1. On a full-extension model of 0.36 nm per residue, what is the gain between residue 534 and residue 335, subtracting their alpha-carbon distance, rounded to one decimal in nm?
2. Please give the contour-minus-distance gain from residue 126 to residue 291: 0.36 nm per residue of separation, less the Cα-Cα distance, rounded to one decimal in nm.
3. Using only the alpha-carbon atoms, how far is helix 502-513 inclined from the longest principal axis of the chain? Give it as 0 to 90 degrees, nearest 10.
4. Report, ordered by chain and residue number, the lysines lying within cross-link reach of residue 583, taken as a straight Cα distance under 17 Å and ignoring same-chain residues fewer than 8 apart.
5. May I ask for the net charge around residue 297, where only other residues with Cβ less than 15 Å from the Cβ of residue 297 are counted and Lys, Arg are +1 while Asp, Glu are -1?
6. Quickly work out the residue 643-to-residue 600 label distance, labels modelled 7 Å from Cα along the C-beta direction, and quote it in nm with one decimal.
7. Which lysines, on any chain, are close to residue 347 with Cα under 17 Å apart, when same-chain ones fewer than 8 places away are left out?
8. Quick one: Karplus J couplings for region 602-613, per residue in order, coefficients 6.51, -1.76, 1.60, θ = phi - 60°, nearest Hz, x for Gly and Pro?
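Computed from the coordinates by the stated procedures, all read-outs in this text should not be read as laboratory data. If you're wondering where the values come from, they're calculated on a predicted model, not measured in any experiment. FYI the Cβ positions are ideal-geometry reconstructions off the backbone, even for glycines, and counts take in every protein chain you see.
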Amino acid sequence: MGTSKTIAPYGTWASPISTSFVAQSGMGHSALPREVLIDGNDIYWVVGRPQEGGRYVILRHADDKTIECITPPDFNVRTRVHEYGGGSYFVAEGVIYFCNYTDQRLYRQQKGKSPQPITPEPEIAAGLRYAAIRLSKDKRSLVCVRERHEADGQVANELVILPTDGSIEPAIIASGHDFYSSPRFSPDGKKLTFLTWDHPNMPWDVTELWVGDFKDGKLEDIHKVAGGMNESIFQPEWNHQGVLHFISDRTGWWNLYAFDEGEIVSLHKREADFGFPQWLLEYSTYTFLPDGRIVCLFLDMGKSRIGVLTPQDGKLEEFSTPFSAFELPTIQSDALGQVWFLAGTHKTEPGLAVLNPETGECHTVHTSNEHEIDPGFISIPEHIAFPSKGGRTSFAYFYPPTNSSFEAPADEKPPLIVLSHGGPTSAARSHFQSEIQFWTSRGFAIADVNYGGSTGYGRPYRDQLKGEWGIVDVEDCVNAALFLAKCGKVDDERLLIRGCSAGGYVTLCALTFHEVFAAGASYYGVADAAILAQHSHKFEERYLDSLIGPYPEKEDLYRDRSPIYHADRLSSPVILFQGLEDKVVLPEQSEILAKALREKCLPYAYLTFEGEQHGFRRAETIKNCLDAELYFYSRILGFELPAGVTPVEIHNLD
C-alpha cells in the first residue's frame, strides 16, 4: 500500500525544492551552460555560478574523463558585446583566449600560467569589448568581433585582427555595418566568412552573409553570398572540403543550405527551425562529422529534435534520445565522430552530453547542478495548442501541480501562473527548470507560453509580433489562462502572470489592459515603451521599430501600448523586481511604475538589487526574489505558507 498523502490547499504544500535550491541552479537563461568547444581530445564549455556572484567559468572534460574548472578565481569569462554576450572564449592547442567581464579585455591563458591580457586597457572602462574569437590558419592571429564604446556615447561594431601574443594592438579588417557576427576561416585559411546586419533590423529579421579573401592579415574582395530583406542567415560554417554552409529562413523556416561553386543549394527542406535568434553570439545548431554528414539540432513545432543529415540525398535520420530540450543551442563534433552538445530532460537540468551517431547511443557526461529530487515532486509538461484571438492557434507547456506528499481537497482547483518568456523572440523549453518546479511542487499549475512571436514554429509565427508587441503576446497569455480554466484544469479566480524583460512587459500589459489575472510579478519589465525606444543599448536601439513602429513618428502607439500611461486601468496587485545596473531596461522604468502604484493605492511590492543587471545571476538575489514572490501571492490569494518564508513589505495592503 502506498503512503497516504496529506490533504492541504494548493499553494501551501511543503516542497524539497527550496528557494536556496533554485538559487544554486540559477534563474532563467543566465544560469544555463553554454558554448561547447573542442580542442584535440578535450571538451570545453562555460557554466554560470550563482553562488559566486554569477561568475562564469570554463570547464574542461579531459581525455582521461576528469572534469575541472580552469578559470582562476579572479576571472569571469563573459563578454558584454550586445550586452547579452556569447562567444566569450576560444581554445587552440591547449591555449585559451577569453574575454574577462570586469575590464572586457582579451586574455591568453596557457596551461599552468596566469592569464595575461593581449588587448590594451581601454580609455573608457570596459569600452572595448571582444567576442566570437577565431584563430587564423597560421596560428599567428586572432580575428574577432569588437564593440567599441566612445566617450560621446557612440558605439561601433567591427571585425578586428590581432596577434595571439598581443604584441600589436587590434586592427580593423571589416567595418561599416552596425553589427557583425560569426567570423569563420575556411579550412585552407584563405577565406573568411561572416554575418552582418544593420539598424533597424534584428539578426532574426534581416542578415547578410559575406565572404572575403584573407591575405597578409587583411580582407579583400568582400562580396555578399546570401541574405537581404526578409531573410535571416544563421551560423555560417565551412565543411572539411571547404564548402560554405549556412542556415536561412528564406522559405519561412530556418533550413540548411550550402554555397557550392557559386550556387546556393538546399540540403533539406522541412517545416522546422534549424536556426535560432542570435540573442547571444556563437549559437550553433549543426556540426560536421568526419565523413561529411551533418548532425543537426532543430525545433519541430516547438519540440526539440536531433538528427543526422546526409547532404548527398538530403535524408535526415532522427535519433531517439532522452532529452527534451537543447538550450542554449551549441553542438560540436570531435575527431572520433562523437557529437557533444548541451541538453536536458524533463527531470534533469541541461548539461554536457555526448552522442555516438553510428549507434545512436547518448548520455549526459556532466551536469553542474545534479540534484536528488524525488521524481514524485517533478511536474512533467504537456505541449498544448490553444485557440487565441483572430482564429490564431498558439502554444504552451502546461505543468500540473505535482507533489508526492500532498494533494488538495477534492473540490479545489489549483491557481495558475502564466509564464511569459523574454526575448520576445525566444521560446519556452521543456527541460527541468527548478524555478518552475519550485511553484508546481507547492501546488501551482504553470503555463509556459510560446506566444505569437516565439521561435520554433516558423517565420510566419515569429512575424505575428511585427507591429503587434503588447497585443498578440498578451492576448496569447490571456487566452492560455482562459483555455486552461475552461478545461477545468485551473481556478479561474486565481490566475497569476509573471515574466522577465519582454515577459515583464507582457505581464504589465496583461494586468493593465485585461481583467483576467488576480496578480502578477514583473522582473525588470518595460512599463514605458517610449523610454526603451529612446534609451536602450545599441543592439536593441531600433528593435521597437518592427515591434511597434518608428519612434517618435508613432509616439501615439507607444503611449497606447505602455502600461504606465494607463495606470488608471490597472486593478491587480503587482510585485516588481529590478537590477540597479540594468542597461537594457533602465531602473527608471520600475521606479515610474512603483510611483504610479503608490499613487493609485494599489497593493504592490518593489525590490531592487545592487550589482544586478539584465537577468539576475546572484544566488542571494534569486532566493530573495522567490521568497518575496511566494509571500506576495500568499497574501493576495489568501493562503497560509509553511514557516520560514521571509515576509516582504506590501504597500497599500490593508
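1. Full extension from residue 534 to residue 335 adds 66.7 nm.
2. 55.1 nm
3. That helix lies at roughly 30 degrees to the long axis.
4. Straight-line reach from residue 583, under 17 Å: 538.
5. Net charge around residue 297: -2.
6. 3.8 nm
7. 303
8. 9, x, 7, 10, 9, 10, 10, 9, 5, x, 9, 10
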